[in-house]
Each structure stands twice: as C-alpha cells, then as structure tokens.
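The values are calculated or read from the model by the stated rules, or taken from the named source; none is laboratory data. Predicted model only: the values in this text are computed from it and were never measured. Here the Cβ is made from the backbone with ideal geometry for all residues, glycine too, and neighbour counts use every protein chain on show.
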Ligand code: NI
C-alpha cells in the first residue's frame, strides 16, 4: 500500500504542534468555541490518511506544513521564524499556502494555487486537506452567494490540485458534491 519514504516522525509532529499551539493561542475555529488547534488537527489527520496511499512523499514535510499552514496568514509568525525552526521546504510550503492579502480578494486563491503548484506534492496535499476540513455545513449567517462562491472555490482547488493525490482528490470531490445540499 505504501513505501517507507512516506513516514513521518512523532517528534516532528510534536515540534510543529507545540509551535502552532503557542502561535494560535486564543484563536477559535470560526463560528465555534473550539480552539483553532481542532482545525490544525483535522487538516494534519487528512494528510496522514493520504500518506497511507500516496507513494514517495516526505511525511515530515507534509505533516509539518499541515500543522503550520495558517501560521503566517493568521498569526504574527514570519517566514524566517519557520525557516529557522523547521527548514526551507516547510517555510516555502507554508508561504505558498498563505494568501497575499495585498491582492484583490477574488484573486488571492488563484494566486496561492499558482504558488502551491510550484511546490512539491506534499504542499498540494495540505491545501486539499484544508478545504476538505473546511467543507462543513456553512455558518448560519452565510448567504447563498457566499456559499456558492465557497463551493466554486473548492471546485477550483480540486481542478488545480487533483493530480497531487488521487486519494484526497476523491475525498474533496465527494465533499464538494455533498456541500450542494446547503445551497
Ligand atoms: Ni486552514
């Protein structure tokens, strides 16, 4: 089912988790009272599940990028901090997963996807895992337009990153289909 190159180490996981726990202190999963760590745990879980099926992946890179994927975007963490703590592949991956807020909102995802596609497949996994995790029943205050846009954006992620992991692409496709009941 998989080769040993997919392995990740518990210590790599713990190091990234401790860093993220400190950085995301006080932050909640939107529309819930849950600690933001719930989001990071689910995204890394999706990535770890995919690593059981995909070959020739760097498990530590995939798992650490998953846990750290929102640090630059949502906290005061800098690229250089991640570089010195976790190395260049993780820092480059997290940066690609970070939206450029200086751009027009509707262009931010396309731009991030373009940068993700220049990264190794481990980073593609994280983006798919993030959207799989986020395709939950939408908050009650979202209007139809917002929900439609969110689903369209998920379809874009799927179209662009499908070849990164058949396992996660199938799962994201199913989540997109299921999301239609909310619209
Ligand atoms: Ni996220």
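Please go through (1) within 19 Å of residue 172 (Cα to Cα); (2) assigned to a helix (DSSP H, G or I); (3) more than 16 Å from the ligand (Cβ to nearest atom) for residue 54 and return the number of the only condition it doesn't satisfy. That leaves (2) as the condition not met. For the range 125-140, a tally of residues being buried (at least 20 other Cβ atoms within 10 Å of the Cβ) and over 16 Å from residue 47 (Cβ atoms) returns 0. Residue check: residue 133 meets all listed conditions (1) over 21 Å from residue 37 (Cβ atoms); (2) touching a helix residue (DSSP H, G or I) at 6+ places or on another chain (Cβ under 7 Å) but one, namely (1). When each of 16, 49 is tested for being within 16 Å of the ligand (Cβ to nearest atom) and closer than 23 Å to residue 168 by Cα, the lone residue that passes is 16. Just one of the numbered conditions (1) in contact (Cβ under 8 Å) with a residue 40 or more places away in the chain; (2) in contact with a helix residue (DSSP H, G or I) (Cβ under 9 Å, 6 or more places away or on another chain); (3) within 16 Å of the ligand (Cβ to nearest atom) is not true of residue 31: (2).
Among the residues making up the range 1-40, those that are buried (at least 16 other Cβ atoms within 10 Å of the Cβ), modelled with pLDDT of 95 or more and assigned to a helix (DSSP H, G or I) are 12, 13, 15, 16, 17, 19, 20, 23, 37, 39, 40.
For residues that are more than 15 Å from the ligand (Cβ to nearest atom) and touching a residue at least 60 places away in the same chain (Cβ under 8 Å), tally how many sit in the range 60-81. Total satisfying the criteria: 1. Filtered by the rule that a residue be touching a helix residue (DSSP H, G or I) at 6+ places or on another chain (Cβ under 8 Å), in a helix (DSSP H, G or I) and in contact (Cβ under 8 Å) with a residue 60 or more places away in the chain, the range 158-183 gives 167, 168, 171.
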